[in-house]
Amino acid sequence: MAGQLESDSITAFVYRQQGHLSYQAGEYETARALYEQASQLYEKSGLLSPALRCQARMGIMHSLQGAYPEAEALYRPALRKARQVGAADAEVFILAQLGTLFHYQGIFDSAQHYYNAAIAHYRESGDSLSMTRPMYNLAVLQMDAGKYENSLQTHTAIYDFQMSREAYEDVMITLEGLSQVNKSMGRLSDAADNLLEAYHLRLPAGAVVPWAEGV
């Protein structure tokens, strides 16, 4: 249909979605090629923001395969271009990916820098929901680096926000993260409480917990 309409932007969208499917199937090289085609067609259509996001997704495919220099070689020019054209949504997306790139490599300071930059962008734009994604990655980074108090604070901030939005499925993931931090700090009782709260959130409304009845 896109071919019949001779629409580069629609064809780009199709390639991008095919790229997502290949990525989910673990076919990273195929996904990268599809994202590249999508990026070229989006740029040809004058849609620079989605073009740059697809370029960043090409970098993600390299990163997942451990080809970190190749990933960074895609992220850097895409980030410069996003700033030049004022594509804020592409810019913050790339910042978050740079954070992940350095996280994978265990380069704490650089990963933290880019995660914080992405968090600041989301905060300034008022996109609090998207902000929790790099925040969660930052919390994991802090735990991996042994900065448990910082990780605990970041996890707690995410938890408070998600509870205020009643985003309980997301809260369960955050509680599991909190449990891991508390366990690493030797706070086993707190870790158990985190898991217990997550367990209760998983229960259907009105469900009875057997041990609560003395079983």
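The values are calculated or read from the model by the stated rules, or taken from the named source; none is laboratory data. Everything quoted here is computed from the prediction, not taken from an experiment. Neighbour counts run over all protein chains shown; Cβ positions are idealised from the backbone, glycine included.
For PHE93, the conditions (1) surrounded by 15 or more Cβ atoms within 10 Å (Cβ to Cβ); (2) free of Cβ contacts under 8 Å to residues at least 40 places away in the same chain all hold with the exception of (2).
The rows are residues; the columns are (1) over 22 Å from TYR75 (Cβ atoms); (2) not assigned by TED's automatic domain parsing to the domain that holds ALA88.
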| site | (1), (2) |
| --- | --- |
| ILE107 | no, no |
| ASN137 | no, yes |
| GLN142 | yes, yes |
| LYS147 | yes, yes |
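Taking the range 1-105 as the region of interest, the helices (runs of 4 or more DSSP H) fully inside it that hold 2 or more residues being farther than 22 Å from ALA118 by Cα and among the β-branched types (Val, Ile, Thr) are 8-24.
The conditions of being within 23 Å of PRO134 (Cα to Cα) and part of a loop (DSSP other than H, G, I, E, B) are met by GLU166.
Among residues of the range 37-66 being under 16 Å from LEU79 (Cα atoms) and of a type in the set (D, E, K, R), the one that is surrounded by the fewest Cβ atoms within 10 Å (Cβ to Cβ) is GLU43.
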